[in-house]
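These notes concern the structure reproduced below.
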Amino acid sequence: MARIFCIGRNYAEHVRELSNVVPQKPVVFMKPMSCLVKPGEPIRFPGHGSDFQHEVEVVIRIGKPGRVERKEDALSWIDAVTVGLDLTLRDVQDELKKRGLPWEKAKAFDQSAPIGEFVSCHGGIDLKGIAFSCRVNGVERQCGSTGDMIFSFETLLVELSAIWALQRGDLVYTGTPSGVGPLAVGDTVEIHGEGIGTFSWKIVA
């Protein structure tokens, strides 16, 4: 069964806005597949926290099984790309971090990984220069480019492969740029990826 791998702290400005330390190796956590939400489906405001925040990310999909041992080979493992949201309960995460506890309650709850429609990587998309953004109620909150990632797609796949054999259909959320912020009931959150498309969701009670 496919997995959802998520990369934290992969854009320097986002690391700084949350007063974190720039990592020396990728920060990896996971979400269950039940977190995925298709475009247009309503997202319920989670009941176990109050500071519900958006984090727009480029998401890659693995197209073949195996382990990536060399960066030079890594891109051949990616068969499609889209944009998604790593929805986060920041108040819950902050409390967990203070106590040195895992982040699942803050990051891996139901509907915490809205995802757009995938576009083939074989159609001329430059993975290293994808511009992407997030708007809330029509106002831009985040914008970034995959060219600004601290750890490249190649590095991420080599690092993941050292621990997990990749499976066809695995997803990798590759990190968010600065500008993360709150969502409230009634908000519409819209994400866009250049050459990929625009997708939106409404937050409901």
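Structure data summary
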read-out: Any hit, segment 17-30, residues being of a type in the set (Phe, Trp, Tyr) and either open to solvent by 20 Å² or more (accessible area, probe 1.4 Å) or over 22 Å from Ile203 (Cα atoms) (or both); value: yes
read-out: From Gly138, Gly116, Gly49, Gly123, residue being closer than 27 Å to Glu190 by Cα, surrounded by 15 or more Cβ atoms within 10 Å (Cβ to Cβ) and more than 19 Å from the chain's Cα centre (by Cα); value: Gly49
read-out: Residues located in segment 135-158, provided they are of a type in the set (A, V, I, L, M, F, W, C) and over 21 Å from Phe5 (Cα atoms); value: Val136, Val139, Cys143
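For (1) part of a helix (DSSP H, G or I); (2) over 20 Å from Asn20 (Cα atoms); (3) touching a residue at least 12 places away in the same chain (Cβ under 8 Å), each residue gets a yes or a no:
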site	(1), (2), (3)
Arg135	no, yes, yes
Val158	yes, yes, yes
Pro177	no, no, yes
Val185	no, yes, yes
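The values are calculated or read from the model by the stated rules, or taken from the named source; none is laboratory data. Note that the structure is a prediction, hence the values are computed from the model and not measured. As a convention, Cβ positions derive from the backbone with ideal geometry for all residues, glycine included, and neighbour counts pool all protein chains shown. Ligands, DNA and RNA are stripped out before the accessible areas are found, and what is left, the full protein with its side chains, is counted by its heavy atoms. Shrake-Rupley method; radii C 1.70, N 1.55, O 1.52, S 1.80 Å.
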